[in-house]
Amino acid sequence: MSDQDKLFARTRVRNDAFTFGKDTAAVFDDMLDRSVPFYGEMQRMLGELAADFAVDGTTIYDLGCSTANTFLSVGALLRPDSNVRFVGLDLSEDMLQKAEQKLTATHFPWPYSLTLHDLNDGLVIENASVALMALTLQFVRPLNREALISSVYRGLNHNGCVLLVEKVLGEHSTFNRLFINHYYEMKRRKGYSDLEIAQKREALENVLIPYRLEENKRLLRHVGFQHVDVFFKWYNFCGIIAIK
């Protein structure tokens, strides 16, 4: 079970950049539930779509797997006799430890591996039918994103898909301002204070760098994906599916 997210509840003399270390890992599931709109529904959609594209004898990759919520979402919707393998990559050892504990506790039935890896350092995937990037690409440095998505494209089999969930910028400054305002209203409804919202926003500055929706779609098409569509949209959050 995750502890309640109180990381930014006290005034900080120095608000360091956001990290995915031990303190964050301890509250991460609660943070996701309260900070990401319709998080449970998005996870269900990721599970459904991944199960649609999973092919026997292939691998399902979760790039930025954190505490393995998406593994569990996909596994809940796969056929029990599916012959697939899961590979999770994350840059945080603490997140991977949480993931291992969760998969062990739930008796996750498919073979899997969890590997410490920074996606900024490049990537090689093989024989993939599905690649998942749930709230991951936005934390990859912009200069490295095209190379990363190109690697995902090369590692996917024909008719394989990438499922991308991202925080996005509005296409116009008015939209951007309104969407962000309503997002913060949602966080207040979830119990976050104005202090918590402000300090987390400051900590994420230059760590989480969002693109516009159209920029993400253009990037996917540029590296070779022929079919790109949106499967979820809520103000400044979106889910994108692309097929090779």
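The values are calculated or read from the model by the stated rules, or taken from the named source; none is laboratory data. The structure displayed is predicted, hence computed values, not measured ones. Cβ: placed from backbone, ideal geometry, glycine included. Neighbour counts: every protein chain shown. Remember, those area values only see protein heavy atoms, side chains included, never the ligands or the DNA or RNA. Shrake-Rupley method; radii C 1.70, N 1.55, O 1.52, S 1.80 Å.
Structure values in brief
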quantity	calculated
Computed lengthening from S113 to V207, 0.36 nm per intervening residue step minus Cα-Cα distance	31.1 nm
Computed lengthening from N127 to N144, 0.36 nm per intervening residue step minus Cα-Cα distance	3.9 nm
Residue-averaged 222 nm ellipticity for the chain, from DSSP H runs of 4+ at -39500 (n - 2.57), nearest 500	-13000 deg cm²/dmol
Accessible area in the full protein assembly, largest first, 1.4 Å probe, for K187, K22, K217	K22, K217, K187
Most to least accessible of L208, L143, L164, L116 (protein chains only, probe 1.4 Å)	L143, L116, L208, L164
Check: the stretch 142-244 dipole with +1 on Lys, Arg Cβ and -1 on Asp, Glu Cβ, in debye	180 debye
For the chain, share of DSSP beta bridges that run antiparallel, in % to the nearest 5	40 percent
Cα coordinate range in the stretch 1-153, projected on the principal axes (Å, largest first)	53, 35, 25
Given K22/K190; K200/K233; K6/K217; K187/K244; K190/K244; K200/K244, the pairs whose alpha carbons are separated by over 32 Å	K6/K217; K187/K244; K190/K244; K200/K244
Accessible area (Å², 1.4 Å probe, nearest 10) - E215	50 Å²
With every protein chain in place, the stretch 1-110: carbon and sulfur % of accessible area (1.4 Å)	52 percent
Near-label residues of the stretch 61-75 by backbone N, under 20 Å of a point 7 Å along Cα→Cβ of K190	64-74
Per-pair calculated FRET efficiency, R0 = 25 Å: V230 and N159 via Cβ, rounded to 0.05	0.80
Segment D33-T104, length gained on full extension (0.36 nm per residue, minus Cα span)	23.4 nm
Within-14-Å neighbourhood charge of I243 [Cβ basis; K, R +1; D, E -1]	+1
Separation in nanometres of the label points that stand 7 Å from Cα toward Cβ, at D81 and F175	4.7 nm
Accessible-area order (highest first, 1.4 angstrom probe) of the listed residues T11, T24	T11, T24
On Cα atoms only, tilt of 142-155 relative to the major axis of the chain in degrees	20 degrees
